[in-house]
């Protein structure tokens, strides 16, 4: 069974690096979008550097981590199929599907920005950046507590987290309006 713990460790490592990429890439998108409206040559210099940073993060860290986290997760489920009988695991897998959808949508934004197509605002990307946070909170609590029954508390917790993040976003936006260098 020690073999199982090695697979579990690799799964966790790649989940962490996957989330790290998902947390950072929208931040780079914010900077890319804001650089798009800067005067030349700053626009071109920043745009080129941010595209390169995004490309490296996305294809060297985020995508490989997503694939490896998924491979190790499937391996864990093959080794311990009884986890699939647990209600909390069903809810976790729904959040994993949501995470994959979030990842694919983020990939779509990545491709647009790599092609200099700015379709979203930097404010939208700041909010988008919190999507992975919500999923992470839900999955961690499900895995640690292994309880899908206290779903009401989980929903209330996510709503409170969302309100706090939005309040923080609003405060930060006001600070930026008063001091653009913040």
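The values are calculated or read from the model by the stated rules, or taken from the named source; none is laboratory data. Because the structure is a prediction, the values reported are computed rather than measured. Heads up, the Cβs are rebuilt from the backbone with ideal geometry, glycines too, and the neighbour counts pull from every protein chain shown.
Considering (1) under 25 Å from residue 49 (Cα atoms); (2) surrounded by 13 or more Cβ atoms within 10 Å (Cβ to Cβ); (3) out of contact with any helix residue (DSSP H, G or I) (no Cβ under 8 Å at 6 or more places or on another chain), the lone condition that residue 113 does not fulfil carries the number (3).
Among the helices (runs of 4 or more DSSP H) contained in segment 90-178, which hold 1 or more residues that are modelled with pLDDT of 90 or more? Write out each step before concluding.
Details: elements: 122-128, 131-145, 151-178.
By residue number, 122-128, 131-145.
When only residues in segment 32-76 that are in contact (Cβ under 8 Å) with a residue 60 or more places away in the chain and farther than 24 Å from residue 4 by Cα count, which is surrounded by the most Cβ atoms within 10 Å (Cβ to Cβ)?
Start the filter on segment 32-76 by keeping residues that are in contact (Cβ under 8 Å) with a residue 60 or more places away in the chain, which leaves 32-34, 36, 47, 51, 54, 72-73, 75-76.
This time we only want the ones that are farther than 24 Å from residue 4 by Cα, so: 32-34, 36, 47, 51, 54.
On the way: 32: 25, 33: 20, 34: 15, 36: 16, 47: 17, 51: 18, 54: 22.
The residue in question is 32.
If only residues of segment 21-31 that are within 24 Å of residue 139 (Cβ to Cβ) and touching a helix residue (DSSP H, G or I) at 6+ places or on another chain (Cβ under 7 Å) are counted, the one that is surrounded by the fewest Cβ atoms within 10 Å (Cβ to Cβ) is 23.
Quick check on residue 29: is it within 16 Å of the chain's Cα centre (by Cα) and either under 18 Å from residue 122 (Cα atoms) or at pLDDT below 95 (or both)? So residue 29 fits the description; yes. Among the residues of segment 1-17, the ones that are more than 10 Å from residue 76 (Cα to Cα) and touching a helix residue (DSSP H, G or I) at 6+ places or on another chain (Cβ under 7 Å) come to 4 in all.
Being in contact (Cβ under 8 Å) with a residue 12 or more places away in the chain, out of contact with any helix residue (DSSP H, G or I) (no Cβ under 6 Å at 6 or more places or on another chain), surrounded by 13 or more Cβ atoms within 10 Å (Cβ to Cβ) and in a helix (DSSP H, G or I), is that true of even one residue in segment 77-84? Steps first, please.
Here is the first cut: in segment 77-84, the ones in contact (Cβ under 8 Å) with a residue 12 or more places away in the chain are 79-80.
Adding the requirement that they be out of contact with any helix residue (DSSP H, G or I) (no Cβ under 6 Å at 6 or more places or on another chain) leaves 80.
Okay, now just the ones that are also surrounded by 13 or more Cβ atoms within 10 Å (Cβ to Cβ), so 80.
If we keep only those that are in a helix (DSSP H, G or I) as well, we get none.
Within segment 77-84, none of the residues are in contact (Cβ under 8 Å) with a residue 12 or more places away in the chain, out of contact with any helix residue (DSSP H, G or I) (no Cβ under 6 Å at 6 or more places or on another chain), surrounded by 13 or more Cβ atoms within 10 Å (Cβ to Cβ) and in a helix (DSSP H, G or I).
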